[in-house]
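**Student:** Here's a structure for you.
The values are calculated or read from the model by the stated rules, or taken from the named source; none is laboratory data. Remember, predicted model here, so these are calculated numbers, not experimental data. We place every Cβ from the backbone using ideal geometry, glycine too, and count neighbours over all the protein chains shown.
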Amino acid sequence: MTTLTIEAEALHKSFLSGRVRSDVLRGLSISIAASELTLISGPSGCGKSTLLAILSGLLRPDSGRVQALGEDLWRLSPTAMERFRLRHTGFVFQGFNLFPALTALEQVMLPLGYLGMPLAKARARAMATLDEVGLSSRSRLRPIELSGGEKQRVAIARALAKEPELLFVDEPTSALDAENGTLVIDMLHHIARIHATTVLCVSHDPRLIAYSDRVLKMEDGKILSDLRNSVLTGAPALHEAHSK
Ligand SMILES: Nc1ncnc2c1ncn2[C@@H]1O[C@H](COP(=O)(O)OP(=O)(O)OP(=O)(O)O)[C@@H](O)[C@H]1O
């Protein structure tokens, strides 16, 4: 049976630029299954990042509802929302968002400190997570000493170390070359599989499709199609499940 971790209903979001209002999400509904890598793809400006921000508790929708891990997300108080994000979610962004002054190990330890984890335990966990992304030998280096692919892997380790149920990923490969891009995609797939993490990724990188369990295509503020990858069930390619 599929367990749903995120269910959103009738999301609307518009932005005002000067006097012009643009409707970015127009009554979008979506359900995300647990322990899968779901990819949201679609043309530039169609609202992918806006949707991700709303589903992850970073941006309030104008209307509609988001149920995440059983919580009615946008009814939480600001403090409860902050706690929810700290305990249950991890983020990976296109620009890595690493602190220039911190080593790879310190970057990964940081959120564990916010969670109140004792230093020795946080250090051991951070080292184990860096090892998992193939960077144990790079733990003492600062971002300036790391390649783009390595920086993104540190960002993944930082998000993963606190073992979040939900991992939100925005354009993880757009700053990377083909080899590093593929490595990062493979890693996200591995995380969903091995850690049973729900990974929700927005990207227009077609390489991500083959690694995703499900691909949702967005256009004009709505989900146009919902494709399930049947690689896991032995079939070779994506097939159309249904469209909304
Ligand atoms: N804070 C904001 N204020 C005004 N307009 C915004 C804001 N955030 C997003 N938009 C607009 O909303 C639309 C959707 O943006 P969004 O970043 O969600 O698209 P996207 O599909 O992720 O695009 P891309 O693939 O290029 O990153 C765009 O037209 C963008 O300019």
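**Student:** Test residue 79 against the stated conditions and say whether it is polar (S, T, N, Q) and more than 19 Å from the chain's Cα centre (by Cα).
**Tutor:** yes
**Student:** For residues that are hydroxyl-bearing (Ser, Thr, Tyr) and either free of Cβ contacts under 8 Å to residues at least 60 places away in the same chain or touching a strand residue (DSSP E or B) at 6+ places or on another chain (Cβ under 6 Å) (or both), scanning just region 161-205, find the one that is nearest to the ligand (Cβ to nearest atom).
**Tutor:** Just the residues of region 161-205 that are hydroxyl-bearing (Ser, Thr, Tyr), to begin with: 173-174, 182, 197-198, 203.
Okay, now just the ones that are also either free of Cβ contacts under 8 Å to residues at least 60 places away in the same chain or touching a strand residue (DSSP E or B) at 6+ places or on another chain (Cβ under 6 Å) (or both), so 173, 182, 197-198.
Details: 173: 13, 182: 20, 197: 22, 198: 20 Å.
Filtering first and then ranking leaves 173.
**Student:** Something else about it: Could you list, in sequence order, all residues of region 115-140 that are under 18 Å from residue 99 (Cα atoms) and exposed (fewer than 12 other Cβ atoms within 10 Å of the Cβ)?
**Tutor:** 140
**Student:** When you look at residue 45, is it surrounded by fewer than 13 Cβ atoms within 10 Å (Cβ to Cβ) and either of a type in the set (Phe, Trp, Tyr) or outside any strand (DSSP E or B) (or both), yes or no? Steps first, please.
**Tutor:** Numbers: surrounded by fewer than 13 Cβ atoms within 10 Å (Cβ to Cβ): yes; either of a type in the set (Phe, Trp, Tyr) or outside any strand (DSSP E or B) (or both): yes.
Answer is yes for this residue.
Residues are listed down the side, and each one gets a yes or a no for (1) in contact with a helix residue (DSSP H, G or I) (Cβ under 6 Å, 6 or more places away or on another chain); (2) touching a residue at least 24 places away in the same chain (Cβ under 8 Å); (3) within 13 Å of the ligand (Cβ to nearest atom):
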{"site": "4", "(1), (2), (3)": "no, yes, no"}
{"site": "16", "(1), (2), (3)": "no, no, yes"}
{"site": "26", "(1), (2), (3)": "no, yes, yes"}
{"site": "29", "(1), (2), (3)": "no, yes, no"}
{"site": "34", "(1), (2), (3)": "no, yes, no"}
{"site": "38", "(1), (2), (3)": "no, yes, no"}
{"site": "52", "(1), (2), (3)": "no, yes, yes"}
{"site": "57", "(1), (2), (3)": "yes, yes, no"}
{"site": "62", "(1), (2), (3)": "no, yes, yes"}
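**Student:** Still on this structure: For the subset of region 206-216 comprising residues that are within 16 Å of the ligand (Cβ to nearest atom) and crowded, with 18+ Cβ neighbours inside 10 Å, which member is nearest to residue 53 (Cα to Cα)?
**Tutor:** This residue is 216.
**Student:** Closer than 21 Å to residue 169 by Cβ and either more than 21 Å from the chain's Cα centre (by Cα) or modelled with pLDDT under 95 (or both), is that true of residue 152?
**Tutor:** Yes.
**Student:** Name, by its number, the condition in (1) surrounded by 17 or more Cβ atoms within 10 Å (Cβ to Cβ); (2) out of contact with any Pro (no Cβ under 7 Å at 6 or more places or on another chain) that does not hold for residue 143.
**Tutor:** The single condition residue 143 does not satisfy is (2).
**Student:** Kindly indicate whether residue 72 is within 16 Å of the ligand (Cβ to nearest atom), farther than 23 Å from residue 210 by Cα and surrounded by fewer than 22 Cβ atoms within 10 Å (Cβ to Cβ).
**Tutor:** When the stated conditions are applied, residue 72 does not pass them.
Every residue, every condition in (1) out of contact with any helix residue (DSSP H, G or I) (no Cβ under 9 Å at 6 or more places or on another chain); (2) within 30 Å of residue 31 (Cα to Cα); (3) at pLDDT below 90, yes or no:
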{"site": "136", "(1), (2), (3)": "no, no, no"}
{"site": "147", "(1), (2), (3)": "no, no, no"}
{"site": "166", "(1), (2), (3)": "no, yes, no"}
{"site": "176", "(1), (2), (3)": "no, yes, yes"}
{"site": "199", "(1), (2), (3)": "no, yes, no"}
